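K.L.:
One structure coming up, written as structure tokens, with questions to follow.
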Amino acid sequence: MNLDLKRDLCFFDLEATGLNVIRDRIIQIAIVKFPKDGGEPEELQMLINPGIPISEEAFGVHGISAKDVANKPTFAQVAKKIYDFIGDADLAGYNISRFDVPLLMEEFDRAGFHFDIEKRKLVDVQRIFYKMEPRNLRAALRFYCGKEMVDAHDAMADVRATIDVFKGQLEKYEGVDHVDDDGNVTPTPVRPDVETLHEFTQDVRTIDVTNRLKYNDNGEIVFNFGKYVGKTFDQVFEEDRNYFYWILNKDFAVQVKNTVRNYLKTKENKS
């Protein structure tokens, strides 16, 4: 796979105790890292003891039981190894924007590591797929590669299937424009350039991966939830500044809290 890489690129997948990115925990991680210098990919995979029960729904999907992870290390014990392996790499995977990235950020934060994604490019292979051919990973593998899914929901099997799908997408959509529902054309967005793929698969107006905050048409931060939905930070600060401190003490994602902290710090510096 010939990619234009300015940084290493890590394809990764997580299996977890459930679907709540704040309260649930990682039980399996698999990463394949493509070096920016074009060297051979490196792999890292491990099972992790989450320290909390695995939901029946999650077990029904990935088949990993409490017994399977009982003697495995906790995330805190392997956080540095994972953190160092990823380094400053850009990130890629299937549905990473909504689940894997925010869950990984929360786990790193609990372990005392600041995992910053502001300067990283994200390539969500699912979003390429959903925009170009709306289906799931099994269908994507069949559609792009003519293969049937084996060991679905095993993290490394999913990573390898995702890489195969991504290769197929690069071949299938070479020279193909994307036309959205309003007739807007994006010229050849699926090409071996991580920056272009990042722009095509990410919503530039979204500030955090839990979609609690976003930018409005004027580039101002607005709330995307609760009683102040649609109102800017400045408007809410004038009306109810304690709302920001309430957020800092509740179960909101690290990105939301960091955005609030930075805003409050800016306000303090101006006063």
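The values are calculated or read from the model by the stated rules, or taken from the named source; none is laboratory data. These figures come from a predicted structure and were not determined experimentally. Here Cβ is always computed from backbone atoms with ideal geometry, including for glycine, and neighbour counts include all displayed protein chains.
K.L.:
Being more than 24 Å from Leu248 (Cα to Cα) and either out of contact with any strand residue (DSSP E or B) (no Cβ under 6 Å at 6 or more places or on another chain) or modelled with pLDDT of 95 or more (or both): is that true of Ala76 here?
P.N.:
Working: more than 24 Å from Leu248 (Cα to Cα): no; either out of contact with any strand residue (DSSP E or B) (no Cβ under 6 Å at 6 or more places or on another chain) or modelled with pLDDT of 95 or more (or both): yes.
Considered against the rule, which asks whether it is more than 24 Å from Leu248 (Cα to Cα) and either out of contact with any strand residue (DSSP E or B) (no Cβ under 6 Å at 6 or more places or on another chain) or modelled with pLDDT of 95 or more (or both), Ala76 comes out as no.
Residues are listed down the side, and each one gets a yes or a no for (1) small (Gly, Ala, Ser); (2) at pLDDT below 95; (3) over 20 Å from the mean Cα position of the chain (by Cα):
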{"site": "Leu14", "(1), (2), (3)": "no, no, no"}
{"site": "Thr17", "(1), (2), (3)": "no, no, no"}
{"site": "Arg23", "(1), (2), (3)": "no, yes, no"}
{"site": "Asp37", "(1), (2), (3)": "no, yes, yes"}
{"site": "Gly63", "(1), (2), (3)": "yes, yes, yes"}
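K.L.:
If a residue must be farther than 14 Å from Ile29 by Cβ and either touching an Asp or Glu at 6+ places or on another chain (Cβ under 9 Å) or not assigned by TED's automatic domain parsing to the domain that holds Met149 (or both), how many such residues does the stretch 55-86 contain?
P.N.:
Counting residues in the stretch 55-86 that are farther than 14 Å from Ile29 by Cβ and either touching an Asp or Glu at 6+ places or on another chain (Cβ under 9 Å) or not assigned by TED's automatic domain parsing to the domain that holds Met149 (or both) gives 4.
K.L.:
Of all the residues that make up the stretch 186-233, how many are within 22 Å of Lys131 (Cβ to Cβ), out of contact with any strand residue (DSSP E or B) (no Cβ under 7 Å at 6 or more places or on another chain) and either among the charged types (D, E, K, R) or part of a helix (DSSP H, G or I) (or both)? Even if it seems obvious, please write down each step before you answer.
P.N.:
Taking the stretch 186-233 and keeping what is within 22 Å of Lys131 (Cβ to Cβ), we get 186-211, 214-215, 224.
From what's left, out of contact with any strand residue (DSSP E or B) (no Cβ under 7 Å at 6 or more places or on another chain): 187-188, 190-191, 195-196, 199, 203-204, 208-211.
So of that shortlist, the ones also either among the charged types (D, E, K, R) or part of a helix (DSSP H, G or I) (or both) come out as 191, 195-196, 199, 203, 208.
Of the residues in that region, 6 qualify.
K.L.:
Give me the residue from the stretch 224-271 that is polar (S, T, N, Q) and touching a residue at least 40 places away in the same chain (Cβ under 8 Å) and, out of that set, surrounded by the most Cβ atoms within 10 Å (Cβ to Cβ).
P.N.:
Restricting attention to the stretch 224-271, the residues satisfying the condition of being polar (S, T, N, Q) are 224, 232, 235, 242, 249, 255, 258-259, 262, 266, 269, 271.
With the extra rule that they be touching a residue at least 40 places away in the same chain (Cβ under 8 Å), the set shrinks to 255, 259.
Details: Gln255: 23, Thr259: 20.
Residue satisfying both the conditions and the ranking: Gln255.
Table: residues versus (1) closer than 17 Å to Gln126 by Cα; (2) modelled with pLDDT of 90 or more.
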| residue | (1), (2) |
| --- | --- |
| Leu141 | yes, yes |
| Tyr144 | yes, yes |
| Arg160 | yes, yes |
| Val165 | yes, yes |
| Lys172 | yes, yes |
| Asp181 | no, no |
| Asp193 | yes, yes |
| Asp203 | yes, no |
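K.L.:
While we're on this one: Here are Lys250, Lys257: which of them is assigned to a helix (DSSP H, G or I), among the basic types (Lys, Arg) and not assigned by TED's automatic domain parsing to the domain that holds Ile96? First the steps, then the outcome.
P.N.:
Working: Lys250 fails: assigned to a helix (DSSP H, G or I).
Just a single option satisfies the conditions, and that option is Lys257.
K.L.:
Out of the stretch 177-212, which residues are among the hydrophobic types (A, V, I, L, M, F, W, C), more than 20 Å from Arg7 (Cα to Cα) and touching a residue at least 24 places away in the same chain (Cβ under 8 Å)?
P.N.:
Ile207, Val209
K.L.:
If you don't mind, another one. All but one of (1) within 30 Å of Gln77 (Cβ to Cβ); (2) modelled with pLDDT of 90 or more; (3) more than 18 Å from the chain's Cα centre (by Cα) hold for Ala152; state the number of the condition that does not hold.
P.N.:
Among (1) within 30 Å of Gln77 (Cβ to Cβ); (2) modelled with pLDDT of 90 or more; (3) more than 18 Å from the chain's Cα centre (by Cα), Ala152 violates only (2).
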